[in-house]
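What follows is a short report on a single structure.
The values are calculated or read from the model by the stated rules, or taken from the named source; none is laboratory data. It should be emphasised that the depicted structure is a prediction, and the values quoted were computed from it without experimental measurement. To get the accessible areas, we keep the full protein, side chains included, count just its heavy atoms, and leave off ligands, DNA and RNA. Shrake-Rupley method; radii C 1.70, N 1.55, O 1.52, S 1.80 Å.
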Amino acid sequence: MKKLNKILFAAVFLLANMISLQGCSSSQTSSEGSSNNVAAVSAEASSENTADTSKQKLGADKSKQTIIVDVRTVDEWNEDGHANCSVNIPIQDLESRMGELKGYGKIVLVCRSGNRAGKAKVMLESSGYSNIENLGPWQNIQCK
């Protein structure tokens, strides 16, 4: 129960950070990561930083779409860089924002090292989500 409360708190915190991030436009892209970079999410969503705007651009049929979710904090997202085709949903906010991920065919999770992405994967799977991948560090993403 204690662990669930911590996860819930983290999810709420993540949502609040994501809402405050919607007005930010600063971003960096890095493809210097490992050689097993992944191409994911259509180019239409490559410049978006929220799942809401990605949903609007990708249209109603998300079942074949992949969404890349960076679960780092808003400060890490803004200051340390991020892939333009990813959305930022800090792990602290994930539980309260899971609904934004419904309908996607695949959810790819990243963070700084892969640890928080692994925790986010467990959270999503325990809530009934499937086809989730922990890609590890955000630098492993290669946007189309």
inquiry  = Here is a check on your reading of the model: is Cys85 open to solvent by less than 20 Å² (accessible area, probe 1.4 Å) and among the hydrophobic types (A, V, I, L, M, F, W, C)?
reply    = yes
task = Confirm whether Ser35 is modelled with pLDDT of 95 or more, open to solvent by 30 Å² or more (accessible area, probe 1.4 Å), over 11 Å from the mean Cα position of the chain (by Cα) and at negative phi.
result = no
